[in-house]
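The numbers here are math on the coordinates, done by the rules we state, and not lab data. Worth saying up front: this structure is predicted, and the values here are computed from it rather than measured. All Cβ positions, glycine included, derive from the backbone under ideal geometry; neighbour counts span all protein chains shown.
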Amino acid sequence: MSFTIQDQRRYDDDDNDDDSVGISEHTHQNLSGEELREMERMRELTNPGYHKIYKAYKNKARKIIMYATRNNRGSFIRDPIRGSFSSDRVGTKAEYYYFKVRLVSIASHTNEPVTLYYDSPESYEKHQYMRVNADTKNRWHERREAFTGHSIPRLDGNTTTVS
């Protein structure tokens, strides 16, 4: 009986189909703590918009993980908290939907300034443990309302304000 290269490929393909799902689903369960940390470090290094900083807030060091948007015109705008991409693009009028923050004090992997697009000044405050000047917030909400034709609820402290 002869065994051809095509038979070998068919045999290899069948073999890979059966095992590939089981191996990929459960690989992380067999890793040690050190291996899991290394895997997380590699995930961070391969994600160019990923940044992790520590800020002092109420006498504690708070870890802040953020995802930056590339500054190139036409790049998709990225949620700075979750890292998901929206269908809105940098350099278009859709930028008016966002509270744009540029953090020049953070070094990026690509030497670009770190640019974050928040849903509102209030979401920036909550994520970054910062306070935004009331005039800045009011101007942003007025500009957004003029652009979209409607206002969004504002969370100031423990109250929700709808203008």
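Numerical summary
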quantity: Loop-resident sites, the range 24-91, for trypsin sites (Lys or Arg not before Pro), counting at most 12 other Cβ within 10 Å (DSSP); calculated: Lys58, Arg73, Arg82
quantity: Convex hull per residue volume in Å³, alpha carbons only, for the range 49-161; calculated: 112 Å³
quantity: Cut-off 9 Å between beta-carbons: net charge of the residues surrounding Tyr96, Lys and Arg +1, Asp and Glu -1; calculated: +2
quantity: Whole-Hz couplings from phi, Karplus 6.51/-1.76/1.60, listed for the range 129-146; x for Gly and Pro; calculated: 6, 10, 10, 9, 3, 4, 5, 4, 4, 4, 4, 5, 5, 5, 5, 5, 5, 5
quantity: Residues with amide H under 5 Å from that of Asn71, placed H, sequence gap 5 or more; calculated: none
quantity: Entries of Lys52/Lys137; Lys52/Lys126; Lys100/Lys137; Lys100/Lys126 with Cα pairs more than 19 Å apart; calculated: Lys52/Lys137
quantity: Shape call, the range 89-133: gyration tensor on alpha carbons, a/c limit 1.5; calculated: oblate
quantity: Square roots of 5 times each gyration tensor eigenvalue, C-alpha, the range 37-100, largest first, Å; calculated: 26, 17, 8
quantity: Per-residue HN-Hα couplings for the range 32-46 [Karplus 6.51, -1.76, 1.60; θ = phi - 60°; Hz; x = Gly/Pro]; calculated: 7, x, 5, 5, 5, 5, 5, 5, 5, 4, 5, 4, 5, 5, 8
